[in-house]
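Encoded as structure tokens, the structure appears first; notes follow it.
Every number in this text was worked out from the coordinates using simple rules, so none of it is lab data. Just so it is clear, the model here is predicted, and its values are computed rather than measured. We place every Cβ from the backbone using ideal geometry, glycine too, and count neighbours over all the protein chains shown.
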Amino acid sequence: DWLVAPSLQAVFAALETGDDRVRVVGGAVRNTLLGLPVTDIDLSTTAEPSVVMARAKAHGLKPVPTGFDHGTVTIVSDGVPYEVTTLREDVETHGRSATVRFGRNWQHDAERRDFTMNALYADRDGTVFDPVGGLPDLKARHVRFIGDASRRIAEDYLRILRFFRFHAQYGVGELNAEGLRAVTEARAGLSHLSAERIGMELRKLVSAPGAADTVEVMHDAGILQYVLATPAGTKPFRALRALDAVAAESRDPALCLAILSDGGTRELQQLADHLRLSNAERKRMIASLEAGRAIRARLEAGERGVLDELGLAELLYRHGRALAVDGLLYAWAEVDAGPEDAGFLRALERLRVMPLPVLPVSGADLIAAGARPGPDLGRRLKQAESLWLASGFRKDRVALIAESAERTGD
Ligand code: ATP
Ligand code: MG
């Protein structure tokens, strides 16, 4: 249905003039054929970038030259951005620095892409074009380099990680043998890549459902050491596999990285530096780890109560829902309790639906009861909160106002 969206059809209408054609390419075509959601839509065209700019403007669309020199113009149509890239071909292949020129040949454009399943095109009517034989591979969910794997990797070492990333996301069965041999041989090339490019692929890789198997192959091929700050033992696969079993879908990349790193806060800081993670990701990663380790410590101390209704309410109150869930998953993966563990299963279900506990007294309540704004109020709020927590969330507003007044000696 994204193909018939008026915003996209307007782009086709603006650019398909004379001999020029526009086709959707890459992830959008691949995911649609797999029946998976489509996040962004990339377009290819025979028209040169300056022509794309002019035609978009003439049709009242908003073209932004986001990568003009390598042929990319982002056209904003009805608020939706479409990346339009002019067909390219290599004149001389020497990696990403290859001399490229704009072309009009779909076959050559396809041959510059990485994997056969990523080189499928669709025109405005939905007709699919497959210049390099990607459809059978897509059907078999097999990630295959276009052309000679070693040569394609030497052009851009990021393709090593993309090979594993697409396998983790869409592959089934064994990795392509020729591809695996080639990426293994070329692994030292990873050290030439920027942390940002590695980080982008790694986030998608670790959060793919069932990533543990792929990560284990990367480890065995000696590749993981190039992307993580610290060499990983075998525990992370077990933990990641435990996570795969219980939370195949919707898992935060930060949680997966925390599990994979298999260290403490210090190791996570190193990994965050190494991958240039954002502050938000760094915080989330460390918070998942700390929430998870706290749960695990209490379980190991024999406090089964952490997973009962009250313990869960406290987790929710202290960490918020997303982190409480991540913490639980982290602890679950770490203690390797197995996907059948009834206590964890129930706890996860409850954490997802339980209402967030809200402290029943407010600052205004306490001021009305005689507290002075400022440090006095802060102290009394804290007091009310600990009384409330100690009562197992049972004490209500009236009781808390009364008791916090007594305790502070009014
Ligand atoms: P996603 O859904 O994760 O965005 P995608 O297939 O759209 O998947 P992108 O990284 O957005 O992946 O790249 C878009 C397309 O550009 C790919 O499908 C591929 O054809 C081509 N491409 C991207 N990066 C490379 C690369 N490093 N080498 C060769 N081709 C690439
Ligand atoms: Mg994409």
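List of remarks:
- Straight-distance candidates among the aspartates and glutamates for linking to Lys139, with alpha-carbon spacing under 14 Å and chain neighbours fewer than 8 residues away dropped: Asp130.
- Every helix of 4 or more DSSP H residues in the chain counts as -39500 (n - 2.57), and over all residues that averages to -16000 deg cm²/dmol at 222 nm.
- Lysines with Cα under 26 Å of Lys57, excluding same-chain neighbours fewer than 8 positions away: none
- Applied to the range 290-299, the Karplus parametrisation 6.51 cos²θ - 1.76 cosθ + 1.60 on θ = phi - 60° returns per-residue 3J(HN,Hα) values of 5, 4, x, 5, 5, 4, 4, 4, 5, 5 Hz, with x for Gly and Pro.
- Using alpha carbons only, the radius of gyration of the chain set against its Kirkwood radius gives Rg/Rh = 1.09.
- Which of Ala245, Leu310, Gly320, positive extreme of dipole for the range 217-328 (C-beta unit charges): Gly320
- Each residue of the range 28-35 was assigned a 3J(HN,Hα) from its phi angle through the Karplus curve 6.51 cos²θ - 1.76 cosθ + 1.60 (θ = phi - 60°); the sequence is 5, 5, 4, 5, 5, 5, 8, x Hz, with glycine and proline shown as x.
- Between 0 and 90°, nearest 10: helix 397-407 axis offset from the chain longest Cα axis: 60 degrees
- Qualifying trypsin sites (Lys or Arg not before Pro) in the range 357-410, DSSP loop, other Cβ atoms within 10 Å at most 14: Arg394
- Entry note, the chain: relative contact order of 8 percent, from Cα contacts under 8 Å with a spacing of 6+ residues.
- When each of the peptides 205-211, 364-370 is scored by how many other beta carbons lie within 10 Å of its residues on average, the order from highest to lowest is 205-211, 364-370.
- By the count of other C-beta atoms within 10 Å, a proxy for reagent exposure, Glu281, Glu196 are ordered fewest to most as Glu196, Glu281.
- Rounded to 10°, Cα long-axis angle of helix 6-15 versus longest principal axis of the chain: 30 degrees
- Rh (Kirkwood; distinct C-alpha pairs) - the range 1-107, Å: 14.3 Å
- For the chain, the longest principal axis of the C-alpha atoms and the axis of helix 211-220 are separated by about 70°.
- Projecting the Cα atoms of Val25, Gly60, Val76 onto the dipole axis of the range 23-125, where Lys and Arg carry +1 and Asp and Glu carry -1 at the beta carbon, places Gly60 farthest toward the positive end.
- Projecting the Cα atoms of Thr116, Val128, Gly210 onto the charge dipole of the range 111-217 (Cβ charges, centred on the Cα centre) puts Gly210 farthest toward the positive pole.
- For the range 228-344, the spherically averaged projection of the C-alpha convex hull amounts to 6.9 nm².
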